[in-house]
Amino acid sequence: MKGMNLKLELVYIKDIKFGDRTYVQNGVLTICKEELLGKLTNDIFSSIDLELARPGESVRIIPVKDVIEPRAKVSDAGDAFPGVLGECEGVGQGVTKVLKGAGVVTTGKIVGFQEGIIDMTGPAAEYCYYSALNNVVIVAEVKEGVTPAEHEAAVRMAGIKAAQYLAQCAKDVPADETEEYELTEPAQELPRVAVVFLAMAQGLLHDNYLYGIDAKRLHPTLLHPNEILDGAIVSGNCVVASNKYTTYDHQNNPLIKELYKKHGKELEFAGVIFTPSCPGLADKKRCCMAAVNIASTIKADGLLLPEEGGGNPEADLMMICRMAEQREIRTVLIVGAIGEEEAITDTTPEADAVVNVGSRIEKLLLPKMERVIGHEEQIKVLAGGSDESILPDGSLYVTVSSIMSMHNGMGMTKLTSKVY
């Protein structure tokens, strides 16, 4: 895991607005709307527009598909989203410019119940990281006859293109802060810990992309954590909003960053084992076996297993846990929403260290917003909503599962625990 040094040059964005050209000055991102829209055209769109949503504004974005942090490589080698927009060069090393405090939000009625809500103020904002971002929202409608898969692919590509376009304007802007990531050789022998990232590869738009390749086509592989922080994984995933991983989550993976903090002090960070979570039993066995074989090869003493989604992927979690523990590799599972409201779908006696990242049955009353970007009526079909969710006064009554990334296994959540 030696030999890769990644510098993230952070340019803090405090406000966004439209103007006659795209540039960053004094923390304000000014966007040439016409120029950006020209880069996002697609034959399947019947219309496409951009809207801005700032923290604290009375704005609701619904239905949300993905959130992406604007990034661009500073040198000419490679793109911020390798394999998607360009060649796989320079990823995980070199210098990447980041518009910190900005987000690109993609919207669309793609899979119905598997999109979510971002409120820029009010109770929902207290649970959602993206409510604190200055968001550029892509509102794209598709022509009749377009399939959900075609719709998702077009919206995903539009979001990635917009994120790189916005960050490129700041290549020469001095960084407000620099983060540096390099796995140096520990001075002492420490427990070797790796992350097994179970990438949804279920089909029916439950998919992630590694270097632009659908995870369904991949075998487990060992990655340097810098590759993930530098845009190697792009979300195409439509799972329940509250516990999905957006592309923004991968770019800012808190689990990886926490392991970096402890590297060389409490543990040796041994890498990330990217493992497709397939729907069929034969593929599950193949991928889980390969993941544990990789863990053995890199001499891992412990594995962290965060879960995305729920149900079917829990079979993968338990299979890896059981196989690893039988080889004396300790495991910690990180799962969401288990307990009184929803039982976990699979178990194994070896799963004796489990972190539950939160419940999604709590209900919220969301006040009416002055402006809605998208289609508020979609709350009736989103997970967490129902036909009765829209109240006579325009407010919404929902469970927290409708809020984007309200809880997830990599720690991209505002929830905390209290000890009494």
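The values are calculated or read from the model by the stated rules, or taken from the named source; none is laboratory data. Predicted model only: the values in this text are computed from it and were never measured. In this analysis, Cβ positions are derived from the backbone assuming ideal geometry, glycine residues included, and neighbour counts consider all displayed protein chains.
So which residues in the stretch 377-397 are touching a Lys or Arg at 6+ places or on another chain (Cβ under 7 Å) and in contact (Cβ under 8 Å) with a residue 24 or more places away in the chain?
The answer is 378, 393, 394, 395, 397.
State the number of residues belonging to the stretch 371-385 that are of a type in the set (Asp, Glu) and either more than 16 Å from residue 122 (Cβ to Cβ) or assigned to a loop (DSSP other than H, G, I, E, B) (or both). Walk me through how you get there before you give the answer.
In the first step, residues of the stretch 371-385 are kept if they are of a type in the set (Asp, Glu); the result is 376-377.
Add one more test, that the residue is either more than 16 Å from residue 122 (Cβ to Cβ) or assigned to a loop (DSSP other than H, G, I, E, B) (or both), and what stays is 377.
Counting residues in the stretch 371-385 that are of a type in the set (Asp, Glu) and either more than 16 Å from residue 122 (Cβ to Cβ) or assigned to a loop (DSSP other than H, G, I, E, B) (or both) gives 1.
For the stretch 172-189, name all the residues that are surrounded by 13 or more Cβ atoms within 10 Å (Cβ to Cβ) and either in contact with a Pro (Cβ under 8 Å, 6 or more places away or on another chain) or among the hydrophobic types (A, V, I, L, M, F, W, C) (or both).
Step one: of the stretch 172-189, the residues surrounded by 13 or more Cβ atoms within 10 Å (Cβ to Cβ) are 173, 175-176, 179, 181-183, 186.
Of everything in the stretch 172-189, those that are surrounded by 13 or more Cβ atoms within 10 Å (Cβ to Cβ) and either in contact with a Pro (Cβ under 8 Å, 6 or more places away or on another chain) or among the hydrophobic types (A, V, I, L, M, F, W, C) (or both) turn out to be 173, 175, 181, 183.
Give, as residue ranges, the strands (runs of 3 or more DSSP E) completely inside the stretch 305-370 that count at least 3 residues that are surrounded by fewer than 18 Cβ atoms within 10 Å (Cβ to Cβ) and either modelled with pLDDT of 80 or more or within 23 Å of the chain's Cα centre (by Cα) (or both). I'd like the intermediate steps shown before the answer.
On the way: elements: 330-335, 354-356, 363-366.
By residue number, 354-356.
Among the numbered conditions (1) on the phi < 0 side of the Ramachandran plot; (2) without any contact (Cβ under 8 Å) to a residue 60 or more places away in the chain, tell me where residue 241 comes up short.
(2)
So which residues in the stretch 2-42 are assigned to a loop (DSSP other than H, G, I, E, B) and either on the phi > 0 side of the Ramachandran plot or without any contact (Cβ under 8 Å) to a residue 24 or more places away in the chain (or both)? If you could, list the steps in order and put the result at the bottom.
Of the residues in the stretch 2-42, the ones assigned to a loop (DSSP other than H, G, I, E, B) are 2-5, 13-14, 20-22, 26-27, 40-42.
3, 20, 21, 26, 27, 41, listed by residue number.
Quick one: which of 212, 203 is under 17 Å from residue 82 (Cβ atoms), of a type outside the set (D, E, K, R) and under 19 Å from the mean Cα position of the chain (by Cα)? I'd like the intermediate steps shown before the answer.
Working: 203 fails: under 17 Å from residue 82 (Cβ atoms).
None of the others qualify; the one that does is 212.
Considering only the stretch 80-91, I want to know if a residue exists there that is in the same structural domain as residue 25 (by TED's automatic domain parsing), at pLDDT 95 or above and touching a helix residue (DSSP H, G or I) at 6+ places or on another chain (Cβ under 6 Å). Working first, answer last.
Quick first cut of the stretch 80-91, residues in the same structural domain as residue 25 (by TED's automatic domain parsing) only: 80-91.
The next check asks that each one be at pLDDT 95 or above; those that pass are none.
No, there is no match, as no residue in the stretch 80-91 is in the same structural domain as residue 25 (by TED's automatic domain parsing), at pLDDT 95 or above and touching a helix residue (DSSP H, G or I) at 6+ places or on another chain (Cβ under 6 Å).
Out of the stretch 386-406, which residues are assigned to a loop (DSSP other than H, G, I, E, B) and crowded, with 23+ Cβ neighbours inside 10 Å?
As a first pass, look at the stretch 386-406 and keep what is assigned to a loop (DSSP other than H, G, I, E, B): 386-389, 391-395, 404-406.
The answer is 404, 405, 406.
Any residue that is more than 23 Å from the chain's Cα centre (by Cα) and modelled with pLDDT of 80 or more - is there at least one of those in the stretch 398-420? Steps first, answer last, please.
Applying the first criterion (more than 23 Å from the chain's Cα centre (by Cα)) to the stretch 398-420 yields 418-420.
From the residues that got through so far, the ones that are modelled with pLDDT of 80 or more too are none.
Checked against the condition, which is being more than 23 Å from the chain's Cα centre (by Cα) and modelled with pLDDT of 80 or more, the stretch 398-420 yields no hits at all.
Can you report the number of residues in the stretch 82-111 which are over 25 Å from residue 184 (Cα atoms) and touching a strand residue (DSSP E or B) at 6+ places or on another chain (Cβ under 8 Å)? Even if it seems obvious, please write down each step before you answer.
Residues of the stretch 82-111 over 25 Å from residue 184 (Cα atoms): 83-87, 99-111.
Pick out the ones that are also touching a strand residue (DSSP E or B) at 6+ places or on another chain (Cβ under 8 Å) and you get 83-84, 99-110.
Residues in the stretch 82-111 being over 25 Å from residue 184 (Cα atoms) and touching a strand residue (DSSP E or B) at 6+ places or on another chain (Cβ under 8 Å): 14 in total.
With respect to residue 265, determine if the residue is part of a loop (DSSP other than H, G, I, E, B), over 28 Å from residue 119 (Cβ atoms) and in contact with a strand residue (DSSP E or B) (Cβ under 9 Å, 6 or more places away or on another chain).
On the way: part of a loop (DSSP other than H, G, I, E, B): yes; over 28 Å from residue 119 (Cβ atoms): yes; in contact with a strand residue (DSSP E or B) (Cβ under 9 Å, 6 or more places away or on another chain): no.
Answer is no for this residue.
Among the candidates 167, 187, 175, which residue alone is assigned to a loop (DSSP other than H, G, I, E, B) and at pLDDT 95 or above?
Values: 167 fails: assigned to a loop (DSSP other than H, G, I, E, B); 187 fails: at pLDDT 95 or above.
Selected residue: 175, the only one of 167, 187, 175 that is assigned to a loop (DSSP other than H, G, I, E, B) and at pLDDT 95 or above.
Could you list, in sequence order, all residues of the stretch 43-53 that are over 25 Å from the mean Cα position of the chain (by Cα) and assigned to a strand (DSSP E or B)?
Correct list: 46, 47.
For the stretch 247-258, indicate whether the set of residues that are more than 19 Å from residue 331 (Cβ to Cβ), over 15 Å from the mean Cα position of the chain (by Cα), in a helix (DSSP H, G or I) and in contact (Cβ under 8 Å) with a residue 12 or more places away in the chain is non-empty.
no
Return only the number of the condition from (1) closer than 22 Å to residue 237 by Cα; (2) touching a strand residue (DSSP E or B) at 6+ places or on another chain (Cβ under 6 Å); (3) surrounded by fewer than 17 Cβ atoms within 10 Å (Cβ to Cβ) that residue 21 does not satisfy.
(1) is the only condition that residue 21 fails.
Mind checking which residues of the stretch 15-70 are among the aliphatic types (A, V, I, L, M), touching a Ser or Thr at 6+ places or on another chain (Cβ under 6 Å) and more than 22 Å from residue 117 (Cα to Cα)?
31
Counting only residues that are surrounded by fewer than 20 Cβ atoms within 10 Å (Cβ to Cβ) and closer than 30 Å to residue 150 by Cα, which one in the stretch 190-204 is modelled with the highest pLDDT?
203
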